[in-house]
Amino acid sequence: MVIQIDSREHKWELARIQRQLTAAGCKTIISKLYVGDYQSLDNPRLVIDRKKDLLELCGNVCQQHERFQKELRRAMDAGIEIIILCEHGEEIKRLEDVYFWDNPRRKESPKATTGKSLYKSLMTIRNRYNVRFEFCSKDRTGERIMELLGNDKEKGQGMD
């Protein structure tokens, strides 16, 4: 398998994930992607947009929603399916777990987004833009990217 990695991916994250992919026997190339962060050369109609945790995803959905929705629309118009892979860790295994997420920013600002509110927003995004949400820990990101881009839909659907 050859995976194309977006050249705008954060350098330290790119190095970590590239090491994981290479260790698993995957070849990588780095160049700019139209949307997302990772795609298999075998299927350019499926991409993964990686988020480092729920805080980043929450920021994209709540504070940067226009830019985020623009990218989702661009993908949809081009016939590209997006999987959002969130590296939040072991406590978030599927989309429904987001509902119970305790946003650490609520300690400083009670008006910060709740897990319940984020979950509702993600459900709307899923339904409106045909986006899949998947979750993993940082030590499994390379493996999950290979599974998801290899069209292994039996493993970790994340959406019931």
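Values quoted throughout were computed directly from the atomic coordinates according to the rules given, and no laboratory measurement underlies them. Predicted, not measured: the structure shown is a model, and the values here were computed from it. A quick note on method: Cβ atoms are made from the backbone with ideal geometry, for glycine too, and the neighbour counts reach across all protein chains shown.
The residues on offer are Leu72, Leu85, Leu46, and the sole one that is in contact (Cβ under 8 Å) with a residue 24 or more places away in the chain, part of a helix (DSSP H, G or I), surrounded by 17 or more Cβ atoms within 10 Å (Cβ to Cβ) and not β-branched (Val, Ile, Thr) is Leu72.
Quick test for you: out of Glu108, Glu91, pick the one residue that is free of Cβ contacts under 8 Å to residues at least 24 places away in the same chain and either crowded, with 17+ Cβ neighbours inside 10 Å or under 24 Å from Glu147 (Cβ atoms) (or both).
Numbers: Glu108 fails: either crowded, with 17+ Cβ neighbours inside 10 Å or under 24 Å from Glu147 (Cβ atoms) (or both).
The unique qualifying residue is Glu91.
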